[in-house]
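Colleague: Sending over a structure as C-alpha cells; questions will come in a sec.
The values are calculated or read from the model by the stated rules, or taken from the named source; none is laboratory data. A quick note: this is a predicted structure, and the numbers were derived from the prediction, not measured. No Cβ is skipped: glycine too gets one built from the backbone with ideal geometry, and neighbour counts run over all protein chains shown.
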Amino acid sequence: MSKILIIEDEAAIRRVLVKILTEESNTYNVSEAEDGLVGIELIRKEDFDLILCDIKMPKMDGVEVLEIVKKIKPETPIIMISGHGDLDTAVNTMRLGAFDYISKPPDLNRLLNTVRNALDRKELVVENTRLKKKVSKNYEMIGESSAILQIKEMIEKVAPTEARVLITGANGTGKELVAHWLHQKSNRSSGPMIEVNCAAIPSELIESELFGHKKGSFTGAINDRAGKFETANNGTIFLDEVGDMSLSAQAKVLRALQENKISRVGSNRDIKVNVRVITATNKDLMKEIDDGKFREDLYHRLAVILINVPSLNDRRSDIPILIEYFSKKIAKEQGTSPKKFSKKAVKLLQEYNWTGNIRELRNVVERLIILSDNEVSENDVKLFASK
C-alpha cells in the first residue's frame, strides 16, 4: 500500500485531495498535515512514498519543506500544489528537486496521472537502492590484464565527471559492467541507473520508452506514462546497443542532450531532465554514419570519452582468474562447493577461440561443473566444451 502525505493548510483542498486519491485506489493510505511544521514532523517519524505539498502556508512554506525533505528523505518524490499566483514559484521548485506541480483547483486526471508517475519513479528509486549492495558483486570487473587495468584506471578518472561515455566492444565482452561502474563511482550513485536495450525495443515504441507518452497519443496509450529519461532524472541512463536506435529517436536524444529537456510523445510540454548519458554499442558507428544510419552530430555528443572493451581472445591471461571466479559464483548459486579445474584444463580453455567472449566462457564453465566429476580435467574440456 502506497503511503501518501498531503501538506495543505486549506482544509477544503485537503478534503478534495483525500477524496480523489482514496476513490481512485484502495491501495493509497493518505495522511494529512495542516502546515509545513506538522508535515516535517510526520516525515521524520514515518516513511512516505509520496508527498503533496502546498507552496503558500503559514509557519513554514512549501519551498522550505521541499528543501528539508530533499536533505532527510531525498528518495521521496514531492508534488507541489500551486495557486494561480504561485506558478513561477512552482516551476522553480522543479529545479530544487520537486517531481512536478499541480494547480488549484486540482484537475482530476492531471492529479492522478502525476501521482501514478511519481509513485512509479519512487518504486524505481527504491529498487535501485535495494539492489545497491548487490551491484558491486554482480558487476565486478574480473581480470588483471593490462587492457582491464587500463579500463579500471579510465573509470576512476572519468566516473566523477559529468562526461558522456561511449563504450564499444563485441557482444559478451562486458560493456554493461563498465557502465555500472561508471555510475557507481560517480557523484550520481545515489540516484537511479536506468538501462535501456535499444535493440530489444521495436522502432515504433522506442520514443515512447525513452520519453514517455500522453494518453491517447497512439493505440495502446491508455494512460500518461513517464519515459526512461524522466525516471533517470538526477541519475544515469544507460542506452545499450545505441547503434540500433531509429533516426527519429536519435533526433530526440540529441535534443535532450543539447537542451536538457524532453517532451512526451503526443505532448508539446517540455520537461526538464538532469541525466548523465552512457551508451554502448557493438557496431562500428563511423560506418553506420557513412551508411546514413546514425547521426554524426549525435555521435560527437555521445563519444566525449571512448572506452573499448577488449574481446576475451585479446585478454587470455585473465581466463584462469575468470574460471576461478565463475566456479565459485556458480557453486554458490547451486549450493555446492567450488569445483577445481586442472592446469591442463585451464590451459586448453585459454587456447579456445572465444567468439562469445565472457558470456560464452561463463556458460562453458557452468557446463563443465555440471557434467564433470570431482575435478574438471583436460578430457572433460575436450568432451563438453567443444563447439
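Colleague: For V115, are the conditions met, namely being farther than 24 Å from I222 by Cβ and either part of a strand (DSSP E or B) or not charged (D, E, K, R) (or both)?
Modeller: Details: farther than 24 Å from I222 by Cβ: no; either part of a strand (DSSP E or B) or not charged (D, E, K, R) (or both): yes.
Taking the combined requirement at face value, the residue does not satisfy it.
Colleague: If you take the residues in segment 197-241 that are under 13 Å from the mean Cα position of the chain (by Cα) and hydroxyl-bearing (S, T, Y), which one is farthest from R301 (Cα to Cα)?
Modeller: Among those that are under 13 Å from the mean Cα position of the chain (by Cα) and hydroxyl-bearing (S, T, Y), it is T231.
Colleague: Taking the stated definitions as given, is E209 of a type outside the set (A, V, I, L, M, F, W, C), surrounded by 15 or more Cβ atoms within 10 Å (Cβ to Cβ) and either touching a residue at least 60 places away in the same chain (Cβ under 8 Å) or part of a strand (DSSP E or B) (or both)?
Modeller: Numbers: of a type outside the set (A, V, I, L, M, F, W, C): yes; surrounded by 15 or more Cβ atoms within 10 Å (Cβ to Cβ): yes; either touching a residue at least 60 places away in the same chain (Cβ under 8 Å) or part of a strand (DSSP E or B) (or both): no.
No, not satisfied.
Colleague: Given the conditions (1) within 14 Å of L96 (Cβ to Cβ); (2) part of a helix (DSSP H, G or I), and given that I79 satisfies all but one, which numbered condition is not satisfied?
Modeller: With respect to (1) within 14 Å of L96 (Cβ to Cβ); (2) part of a helix (DSSP H, G or I), I79 is out only on (2).
Colleague: Write out, first by first residue and then by second, each pair whose Cβ atoms fall under 8 Å of each other, whose residues are 6+ apart or on separate chains, and whose first residue, in segment 285-311, is over 20 Å from R164 (Cα atoms) and among the basic types (K, R) while the second is surrounded by fewer than 18 Cβ atoms within 10 Å (Cβ to Cβ) and modelled with pLDDT under 95.
Modeller: K293/L247
Colleague: While we're looking at this one, here's another question. Across segment 172-188, what is the total count of residues that are free of Cβ contacts under 8 Å to residues at least 60 places away in the same chain and either more than 14 Å from the chain's Cα centre (by Cα) or over 18 Å from I305 (Cβ atoms) (or both)?
Modeller: 2
Colleague: Now for a different question. So, of the residues in segment 356-386 that are assigned to a loop (DSSP other than H, G, I, E, B) and in contact (Cβ under 8 Å) with a residue 12 or more places away in the chain, which turns out to be nearest to G174 (Cα to Cα)? Reasoning before the result, please.
Modeller: Narrowing segment 356-386 to residues assigned to a loop (DSSP other than H, G, I, E, B): 356, 372-374, 377, 385-386.
Next cut, in contact (Cβ under 8 Å) with a residue 12 or more places away in the chain only: 356, 372, 374, 377, 385.
On the way: G356: 11, S372: 27, N374: 30, S377: 27, A385: 21 Å.
The extreme case among them is G356.
Colleague: Search segment 232-253 for residues being under 17 Å from L205 (Cα atoms) and among the polar types (S, T, N, Q), and hand back the single one that is surrounded by the most Cβ atoms within 10 Å (Cβ to Cβ). Break it down into steps so the answer makes sense when it comes.
Modeller: Let us first name the residues in segment 232-253 that are under 17 Å from L205 (Cα atoms), namely 239-253.
Keeping just the survivors that are among the polar types (S, T, N, Q) gives 246, 248, 250.
Values: S246: 17, S248: 11, Q250: 20.
Once the filter is applied, the top-ranked residue is Q250.
Colleague: Further, regarding this structure: Which condition number in (1) among the basic types (K, R); (2) outside any helix (DSSP H, G or I); (3) outside the structural domain of C198 (by TED's automatic domain parsing) is the one that K347 fails?
Modeller: All conditions are met except number (2).
Colleague: Quick check on segment 93-102: of everything there that is over 17 Å from R116 (Cβ atoms) and modelled with pLDDT of 85 or more, which residue is surrounded by the fewest Cβ atoms within 10 Å (Cβ to Cβ)? Quick ask: steps written out before the conclusion?
Modeller: To start, the set of residues in segment 93-102 that are over 17 Å from R116 (Cβ atoms) comprises 93-97.
Checking which are modelled with pLDDT of 85 or more leaves us with 93-94, 96-97.
Details: T93: 24, M94: 15, L96: 12, G97: 16.
For segment 93-102, the residue satisfying everything is L96.
Colleague: Let me ask something else. Which ones in segment 139-195 are in contact with a Phe, Trp or Tyr (Cβ under 8 Å, 6 or more places away or on another chain) and part of a loop (DSSP other than H, G, I, E, B)?
Modeller: Those that are in contact with a Phe, Trp or Tyr (Cβ under 8 Å, 6 or more places away or on another chain) and part of a loop (DSSP other than H, G, I, E, B): Y139, E140, M141, I142, A159.
Colleague: Further question: L111 - would you say it is crowded, with 16+ Cβ neighbours inside 10 Å, at pLDDT 85 or above and among the hydrophobic types (A, V, I, L, M, F, W, C)? Can you show your working first?
Modeller: Numbers: crowded, with 16+ Cβ neighbours inside 10 Å: yes; at pLDDT 85 or above: yes; among the hydrophobic types (A, V, I, L, M, F, W, C): yes.
Yes, satisfied.
Colleague: Could you check segment 271-284 and list, in sequence order, the residues that are farther than 30 Å from Y101 by Cα and either acidic (D, E) or touching a residue at least 60 places away in the same chain (Cβ under 8 Å) (or both)?
Modeller: Initial filter on segment 271-284 (farther than 30 Å from Y101 by Cα): 279-284.
The answer is T279, A280, T281, N282, D284.
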